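Below you'll find the structure, written out as structure tokens, and then a few comments.
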Amino acid sequence: MTINDVRGVIKGRVLLPGDDGFEQAATAWNLTVRQPVAAVAEAADADDVAALVRYARRAGMTVTAQPSGHGASGDVEGLILLRTGRLNEVEVRERERVVRVGAGATWGQVLAAAGPLGLTGLAGSAPGVGVTGYTLGGGVGWFSRRHGLASGSVRAVEIVDADGVPGRVTAESDPELFWALRGGGGDFALVTALELGLYPAPSLYGGRVIWPEHRAREVYEAFLEITAEAPRELSVWVNRLQPPGAPPMVTLDLAYLGEAGKGEDLLVRIDKIEGAISDSRGVVPVADLGAIAAEPTAPAPSIARAELLTGLDADAVERLLAKPVAPLVNVQIRHLGGTLAEPGGEAGAGGAVAEPYLLGLVGLGLPHTADATRAKQAEVVADLESYVAGRKPYTLLSPGETAAASFSGGTLARLREIKRARDPHDVFRANYPVLG
């Protein structure tokens, strides 16, 4: 049995090295990540997924699944890359407040379907991100302060196991696997669909306010004041931006899960900062949630690093403001806390996120900027060393990092035990394997 045999296994398209379109099909969302896979298989449906897994099991090969390539690590040499983008069905069951989401669907699709019904899922900041990978890795997003990790909203998981057998996993049918799939990544089964709980969102207020860089200290002071008393329905993120070819700026990104009038009252502190370049605050349709942070919607070469912070105070702000952002494009701080910090089993392996703030550092990954970008990220983290927790959310791991950075020793040991029991022949590999 050779890799060429995979062509006759599924109904969908299969591309091998040298085929027209192979390089494009194997490309990750982050263009700095190379994916030297043995084949790209584009599943037409869930039956194709099962057939491909059975082939891989017989051939002694490993499958890694990506709908669009977000979160890719590059640790895929010789693997079969399964594209699940065609499994993109979204079915909202309004009465149950549940949505069934195919493995290729994006958060933008889910919000577009749920928003007109006054409902929302626990989406992240970018509408083009796939629901499945984000949720399997835990998922920290706009409404996590109110409702916790996205993995806590999972009601059922439709899978193909390591023998190529389809199944449906719930807390009742297989509690151990259900726990692992909610926050432990994609190492344990190949997911073809998720059933997720939806949450009331009759009104949403938010937007982005932008100031010139010289207002940064005032903006950070306001950020600290607002987040010190923010209700769980309010999420506030602060960004120092250095867009290529543009002057540096500072922004506040805001989302309040409630009525506009209350949101305005909670954010009145912002109005004391003069000189705003733009202010898009207002009622936001749920379907437009992804527009608040204005993240890129097309693949690009980038280098990102994330760190959880144990706190943020005036001293930390001074350290953040002491040096220019460049050569980075963004230095972001997200306020966490609320339900995220509460221990409990709802989020599965994702657990609780006790740290109250999340630092994100993003720069261009072009050949002439990559080294400087990484050096600057290391410098920022070193400057904040006394605030850095030393672990980070699974979905925000970067190439070169491992799953061990995201889990406690006990959780990682349990995940590894489940991996060995459910996939002893390594048929599946997540972007960041638990055995890595």
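The values are calculated or read from the model by the stated rules, or taken from the named source; none is laboratory data. Treat the numbers as computed from the prediction; the structure is a model and nothing was measured. Using ideal geometry, Cβ is built from the backbone for each residue, glycine included, and neighbour counts are taken over all protein chains shown.
Identify the single condition in (1) within 23 Å of ASP187 (Cβ to Cβ); (2) among the charged types (D, E, K, R); (3) not in a loop (DSSP other than H, G, I, E, B) that GLU401 does not satisfy, given that it satisfies every other one.
(3)
Step by step: first the residues of region 1-53, then only those that are assigned to a helix (DSSP H, G or I) and at pLDDT below 95, then the one that is nearest to GLY400 (Cα to Cα). Which residue is that?
Result: ILE3.
Restricting to region 238-269, and then to whatever is under 17 Å from GLU295 (Cα atoms) and touching a Pro at 6+ places or on another chain (Cβ under 8 Å), can you tell me which residue is surrounded by the fewest Cβ atoms within 10 Å (Cβ to Cβ)?
Out of the qualifying residues, it is PRO248.
Only one residue in ALA382, ALA349 is among the hydrophobic types (A, V, I, L, M, F, W, C) and buried (at least 20 other Cβ atoms within 10 Å of the Cβ). Which one?
From the options ALA382, ALA349, the qualifying one is ALA349.
Among the residues that make up region 270-290, is at least one of them crowded, with 16+ Cβ neighbours inside 10 Å and closer than 27 Å to GLU379 by Cβ?
no
Has region 143-151 got at least one residue that is out of contact with any strand residue (DSSP E or B) (no Cβ under 7 Å at 6 or more places or on another chain) and of a type in the set (Phe, Trp, Tyr)?
no
Return yes when VAL250 is over 29 Å from GLU94 (Cβ atoms) and touching a Lys or Arg at 6+ places or on another chain (Cβ under 8 Å) and no when it is not.
In short, yes.
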